[in-house]
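Here's the structure, in structure tokens; my notes come after.
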Amino acid sequence: MMDFDLSNPTRIVFGQGRIDDLGKLVPRSARVLLLFGGGSIKHNGVYDRVMTGLGDRFVLPFGGVEANPQYDTVMAARAALIEADCTFVLGVGGGSVIDASKFLARIATMAAMDPWDALVAGDHPPAPLPNGAVLTLPATGSESNAVSVISRADYGLKLPFASDGARPAFAVLDPDTMKSLSRRQLENGVVDAFTHVIEQYLTLPVDAPVQHGYSETLLRTLIDWGPVLIETSSDESRAAIMWAANQALNGLIGSGVPQDWSTHMIGHALTALYGIDHARTLSAVMPSLLRFKSAGKLAMLVRYGRKVWQLDHADDQVVAAQAIDRTAAFFKQMNCPTKLSDFTDIAVEPEAVVSLIARAGQFPLGESRDIGAREVRAILEMAR
Ligand code: NZQ
Ligand code: ZN
């Protein structure tokens, strides 16, 4: 196992009806900027419950954060926050809103005229404003991790920004908020969480039995409960998926092990270029990427096949190939594409994807840093 530092100070407040605890979680004297998305929380009652929970605190609601949040929108929220002298950011929504909320908390304290440029240049900004999260869509793990993925239209980029200080002070995980999610969003959430585990698990074998074993438990949970969630949307399935998606990307299983994230970087480029849902970019690329990298990933692919899919063929090569096929079949079961040609109305240009990853400064990709422009072209060809 590699050395690691792990601190996850986010207090998880989990359970049906727990939004009502908000009043105890936000500091009494806080002036709250309440960040939300396109309006789902106004239709499903979450907004009213949040406002009730916040009681007589000063609250400035700021809506309109897009799926795949835009930098300009966060900058507009920043101007409103400064104008109203807010001291606390509360993000209420899915990964997009919570990413935007963490990023807003971070740039609120920065003096730079263009915080994006300053962060990309490696500036060390002051501590972020405190922030909290009320999650309404389990998928990204954003509610207790350090990352904000932000898109910038004038640069044509979608970049991840990480800051431990921007982790939410608390995250309310109330599975009842999932009742208004569409089937497509539920499918996306399960697939996104699944790929998060794979990106941290299917890499190189290191002596990390805790991380590997827990990853396998999370994968099995998503495989077993994802279909139940889609078909029945039972209380039990909502709770299982909400907790699994959080644990998939809260820092634990990625500690002390090599990480990949190449599917995600290719996927972010696909979303920036073509506006495809995040999870669907991942399911379309990951099976081909795993096939392309199967020699380097062989040991963990075999472990994955045997432990997660209970494959028992004597030949490791066969197990590895079958494990990838099972992965693709699971994505299909979740109604997600497994090839680029499944996007019938989009013609993906490999050159455009490669150039965007290059402009984002993300090459070389992969746990062995051996995925460059040539390899991405080959993976996208395989994914056609
Ligand atoms: O905007 P509203 O009206 O809230 O509607 C949203 C949005 O249209 C809707 N929604 C959310 N909760 C709902 C609901 N509709 C009905 N009922 C509810 N309870 O769902 C739509 C999608 O929401 P979004 O937040 O975009 O989805 P998701 O949680 O999948 O987040 C995706 C974003 O997170 C980034 C992705 O790149 C993408 O930008 N990621 C963030 C990561 C992180 N912070 O660690 C890691 C991930 O890999 C990912 O890159
Ligand atoms: Zn993801």
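The values are calculated or read from the model by the stated rules, or taken from the named source; none is laboratory data. Since we're looking at a predicted model, the values are computed, not measured. A quick note on method: Cβ atoms are made from the backbone with ideal geometry, for glycine too, and the neighbour counts reach across all protein chains shown. Side chains are part of the model used for accessible areas, which takes the heavy atoms of the whole protein and leaves out ligands, DNA and RNA. Shrake-Rupley method; radii C 1.70, N 1.55, O 1.52, S 1.80 Å.
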Pairs, please: C-beta under 8 Å, at least 6 apart or cross-chain, first residue farther than 15 Å from Ser40 by Cβ and within 8 Å of ligand 1 (Cβ to nearest atom) and in segment 59-72, second among the hydroxyl-bearing types (Ser, Thr, Tyr) and open to solvent by 30 Å² or more (accessible area, probe 1.4 Å)?
-> Asn68/Ser96
Among strands (runs of 3 or more DSSP E) entirely inside segment 1-79, those with 1 or more residues being among the basic types (Lys, Arg) are 11-14, 31-36
From Ala373, Ala383, Ala378, which residue is over 14 Å from Val285 (Cα atoms) and in contact with a helix residue (DSSP H, G or I) (Cβ under 8 Å, 6 or more places away or on another chain)?
-> Ala373
Out of curiosity, is Ser163 buried (at least 21 other Cβ atoms within 10 Å of the Cβ) and in contact with a strand residue (DSSP E or B) (Cβ under 9 Å, 6 or more places away or on another chain)?
-> no
Which one is nearest to ligand 1 (Cβ to nearest atom), of the residues in segment 194-207 that are touching a helix residue (DSSP H, G or I) at 6+ places or on another chain (Cβ under 9 Å) and over 22 Å from Arg280 (Cβ atoms)?
-> Thr203
Checked Pro168, Pro205, Pro125 against criteria (assigned to a loop (DSSP other than H, G, I, E, B) and buried (at least 19 other Cβ atoms within 10 Å of the Cβ)); the one match is Pro168
Helices (runs of 4 or more DSSP H) contained entirely in segment 259-348, each with at least 3 residues that are more than 19 Å from Ala248 (Cβ to Cβ) and open to solvent by 50 Å² or more (accessible area, probe 1.4 Å) | 316-333
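Rundown of residues vs (1) within 16 Å of the chain's Cα centre (by Cα); (2) part of a helix (DSSP H, G or I), yes/no style:
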residue	(1), (2)
Glu143	yes, yes
Tyr155	no, no
Met178	no, yes
Asn188	yes, yes
Thr195	yes, yes
Gln211	no, yes
Gly226	no, yes
Leu229	no, yes
